[in-house]
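Student: First, the structure itself, so that you have it in front of you.
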Amino acid sequence: MRDRVVVKWGGGLITQKDAMKTVRHDVLDDLAEQLEACLLQGLDVVLVHGAGSFGHLKAKTYQLAGGKSDDPNLPSDRSQEEAVVDVRNDMLELNEHVLTALTKRDISAVSLPPHQWAKNTGPVFEGDLSLFESAPQGIVVVTHGDVVDCDEPLMFGILSGDDLVYRLATELSGVKRLVFAMGGVEGVLSEPPNGVDDEGKLIQILSQNDTYKGEHMEAMDVTGGIGLKVQRGFQTAQHGIEVLLVSGEIGQRVKAACLGNDVRGTTLRSS
């Protein structure tokens, strides 16, 4: 059986996160090229991507992460249920951009949007992961953060890509590593980036007892920011899976991380 890697392309990497529905096509094309190189070296890939400006801003405005709400301060131009449909459609649109970038590299891929197969949120969400397990060798299965149906009284909520990668990495066979490809940073930093000596802030080996300061973009991020990535990353590492957080903007770092080569970034150590 071929080795498998789970890769998360962050929403803030593949979109301009502060500009509504703006794709970074040059980044997508570069990431697709690196993914192709991994396939050519015999590695199977499960790809999860974030929402960025295709999901977070609207989900924040309509408070979708908290489920059904009677808050009188919600916008009156549409219902939360209508906003759920809008965000799902926006995510399908972003997913099409991802699939187009893969297709340009002649990569065979199939998309499994979570609202079609998953229910409830968090790391214990319900869903049939055998859909991913049964993919033929060399076929990239793509999924993403999404608004999914939930049990009452929530009715709906946001299933984070970080929860998806944790379950996929620990429950699919043959997974050797989980790689988070990030935008704006080289990995986990000792303090939030400010453009001054950010290279010196990189934590190359992060253990569970270490401390760091993550920048959580509260105005738009509805799924936990860097903290959730690290938390789910440590939970994954406890299963003996290598977990790395690297820049998706610099060189061939995502490819190197996926292949298990030496790469600048953050490695999570569970003990």
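Each value in this text was obtained by applying a stated rule to the coordinates, not by laboratory testing. The model shown is predicted, which means the values in this text are computed figures rather than measured ones. Note: ideal-geometry Cβ built from the backbone for every residue, glycine included; neighbour counts use all protein chains shown.
Student: Angle between the Cα long axis of helix 225-237 and the longest principal axis of the chain, 0 to 90 degrees, nearest 10?
Tutor: 50 degrees
Student: Based on Cβ point charges of +1 for Lys and Arg and -1 for Asp and Glu, what charge dipole magnitude is obtained for the stretch 50-146 about its Cα centre, in debye rounded to the nearest 20?
Tutor: 240 debye
Student: Find the percent of Cα-Cα distances in the chain that exceed 26 Å, and round it to a whole number.
Tutor: The calculated P(r) of the chain puts 37 percent of pairs beyond 26 Å.
Student: In terms of modelled amide H atoms, which long-range or inter-chain residues lie less than 5 Å from the amide H of VAL243?
Tutor: Residues meeting the amide H criterion: LEU178, LEU268.
Student: May I ask you to evaluate 6.51 cos²θ - 1.76 cosθ + 1.60, the Karplus curve with θ = phi - 60°, for each residue of the stretch 40-53 and list the ³J(HN,Hα) values in order in whole Hz, giving x for glycine and proline?
Tutor: 5, 9, x, 9, 8, 10, 9, 10, 10, 10, x, 9, x, 7
Student: I'd like the orientation of helix 161-171 relative to the chain: the angle between its Cα long axis and the longest Cα principal axis, in ° from 0 to 90, rounded to 10.
Tutor: Roughly 50 degrees, rounded to the nearest 10.
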